[in-house]
Amino acid sequence: MANIYGYIRVSSRDQNEDRQTMAFQELSIPEKNIFIDKQSGKDFDRPSYKRMVRRMKKDDLLYIKSIDRLGRNYEEIQEQWRVLTKEKGIDIVVLDMPLLDTRRGKDLMGTFLSDIVLQVLSFVAENERTNIRQRQAEGIAAAKARGVRFGRPPCPLPESFHEAYQLWKSGKLTGTAAAKACGMPLSTFRYRSEVYKKAELM
C-alpha cells in the first residue's frame, strides 16, 4: 500500500514551520511521515530529507508546500525531481503550484508541461536565493558606510596598556615584553597598538 509523506524545510532554527505544517493538516499525512529540516536549501545534504527518501517506495506520494521548500539550487532541484519521480517512481505534489502534480497528465504532453513549469520555478527559486545574498551584501556594505560595526566589540584595554605602549613606542621595551605586561599575545598587542595609534592621531 502506498504511503503519503510531507516534507517541510525552513532556512534556520529560529524560523517557524507552522505555515507549512498547517497546509499538511488537511491532507491526512501521518505525523511519522512528515519530515522537517531546519537548514539552508542550497543543497540536499539534509538529514531528514535523506531519511525520508530512504523510506519512500514506488507509488508513494510526497507533498511539499512550494518548490523552494524542496531546494533553491536550480540544477539540484531538477536532479532530485528526476531521482524521485523516474528512479524511485514516487509522485510529487507542490501545493502552491497545481501544475506540478505528477499524478496528473502522465502522457507525453502532461509530462512536457510539468517539466517546463519545474524548470521555470527552479530557476526562480535559485534566482531569489542569489538576490537575497546580493541584498545582504549591499545591506552590510551600507551599514559599514554608516559606521555600524559587526562582530564582537573589542575587550577594553588593560590599565597598563598606555604605559607599555609608550615604552614600546620609544624603544625602551620590546614588543614581547610590552605584550606580556598587558597580558595579551604579541599579535594582539601589535593590532591594538595600531588602533590606539590611529585614535591618537584623530
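Values quoted throughout were computed directly from the atomic coordinates according to the rules given, and no laboratory measurement underlies them. Keep in mind the model is a prediction, meaning the values are calculated, not measured. We place every Cβ from the backbone using ideal geometry, glycine too, and count neighbours over all the protein chains shown.
Can you list the lysines whose alpha carbon sits under 26 Å from that of K32, skipping same-chain ones fewer than 8 residues off?
Counting by Cα, and skipping residues close in sequence, K32 has these lysines nearby: K42, K50, K57, K58, K65, K86, K88.
Compare the peptides 82-89, 97-104, 178-185 by average per-residue count of other Cβ atoms within 10 angstrom and give them in order, highest first.
On the way: 82-89: 13.4, 97-104: 15.4, 178-185: 17.9.
Listed from highest to lowest mean packing, they are 178-185, 97-104, 82-89.
For N3 and K50 in one chain, what is 0.36 nm times their gap in residues minus the Cα-Cα distance, to one decimal in nm? Numbers along the way, then the final one.
Numbers: separation 47, 0.36 × 47 = 16.92 nm, distance 1.67 nm.
In short, 15.3 nm is gained.
Between L99 and S12, 0.36 nm times their residue separation minus their Cα-Cα distance comes to what?
Values: separation 87, 0.36 × 87 = 31.32 nm, distance 2.86 nm.
Once the chain is fully extended between L99 and S12, it gains 28.5 nm.
Which pairs break 20 Å Cα to Cα here: K169/K198; K172/K197; K144/K169? Walk me through the numbers on the way to the answer.
On the way: K169/K198 14 Å; K172/K197 17 Å; K144/K169 31 Å.
Check vs 20 Å cut-off fails for K144/K169.
Quick one: putting +1 on the C-beta of Lys and Arg, -1 on the C-beta of Asp and Glu, what dipole do you get for the stretch 161-201 around its Cα centre, in Debye to the nearest 20?
Roughly 80 debye, rounded to the nearest 20.
Could you check the simple spin-label distance between E159 and V195, using points 7 Å along Cα→Cβ, in nm with one decimal?
Inter-label distance under the simple model: 2.1 nm.
Which order do R46, R54 fall in if you start with the one that has the fewest other Cβ atoms within 10 Å? Please list the in-between numbers first.
Working: R46 20, R54 7.
By the 10 Å Cβ count, ascending, the order reads R54, R46.
So, by mean Cβ neighbours within 10 angstrom, what's the order for 32-43, 159-170 with the highest one leading?
Details: 32-43: 16.7, 159-170: 14.7.
In decreasing order of mean packing, 32-43, 159-170 become 32-43, 159-170.
Roughly how many nanometres apart are two label points built 7 Å out from the Cα toward the Cβ at A141 and T188?
Between A141 and T188, the label points sit 3.4 nm apart.
By counting other Cβ atoms within 10 Å of each Cβ, how are I67, I4, I116 ranked from fewest to most? List each step's numbers first, then the result.
Details: I67 22, I4 17, I116 11.
Placing the least packed residue first, the sequence is I116, I4, I67.
Going by amide H atoms built from the backbone, whose H comes under 5 Å of the H on Y5, apart from near neighbours?
Under 5 Å from the amide H of Y5: L61, L62, Y63.
Once you have the Cα-Cα distance between I116 and A177, take 0.36 nm times their residue separation minus that, and quote the gain in nm to one decimal. Could you put the intermediate results ahead of the total?
Numbers: separation 61, 0.36 × 61 = 21.96 nm, distance 6.95 nm.
Length difference between fully extended and current span is 15.0 nm.
Taking θ as phi - 60°, what are the ³J(HN,Hα) couplings along the stretch 185-194 by the Karplus curve (6.51, -1.76, 1.60), each to the nearest whole Hz, with x for Gly and Pro?
The phi angles translate into x, 4, 4, 5, 4, 5, 5, 5, 5, 5 Hz.
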